[in-house]
Amino acid sequence: MYIKSGKKQTNLDKNNINYSLNLQEGHEITDIDLIDNNKLLFTIRYDNKLYALIYDIENKKTTKIKNINE
């Protein structure tokens with residue numbers, strides 16, 4: 001995955017990120033958003049429910065945001 005980040009479109013940095021979210025079968029990434037230069041927000045759908053993971057690029061760690069249906 002390649003992420004472009006920067007304040008201006010003409011000054012974008014590219015980061016090559018190799019990391020597995022270790023999603024179980026049936027879990028599908030529906031959206032990816034850049035929170036800041038060090039964090040990505042993944043929206044994931046499973047069984048008609050949504051939850052999110054925040055991936056910290058520097059520490060290579062994920063944090064799950066609870067499903068609102070849980």
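The values are calculated or read from the model by the stated rules, or taken from the named source; none is laboratory data. Since we're looking at a predicted model, the values are computed, not measured. Cβ coordinates were reconstructed from backbone atoms using ideal geometry, including for glycine residues, and neighbour counts include every protein chain displayed.
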Within the stretch 1-48, the residues that are surrounded by 11 or more Cβ atoms within 10 Å (Cβ to Cβ), at pLDDT below 65 and part of a loop (DSSP other than H, G, I, E, B) are GLY6, LEU12, ILE17
So the check is Cβ under 7 Å with 6+ separation or different chains; which pairs have a first residue in the stretch 42-54 that's closer than 10 Å to ILE29 by Cβ and a second one that's part of a strand (DSSP E or B) and charged (D, E, K, R)?
THR43/ASP31; ILE44/GLU28; ARG45/GLU28; LEU53/LYS64
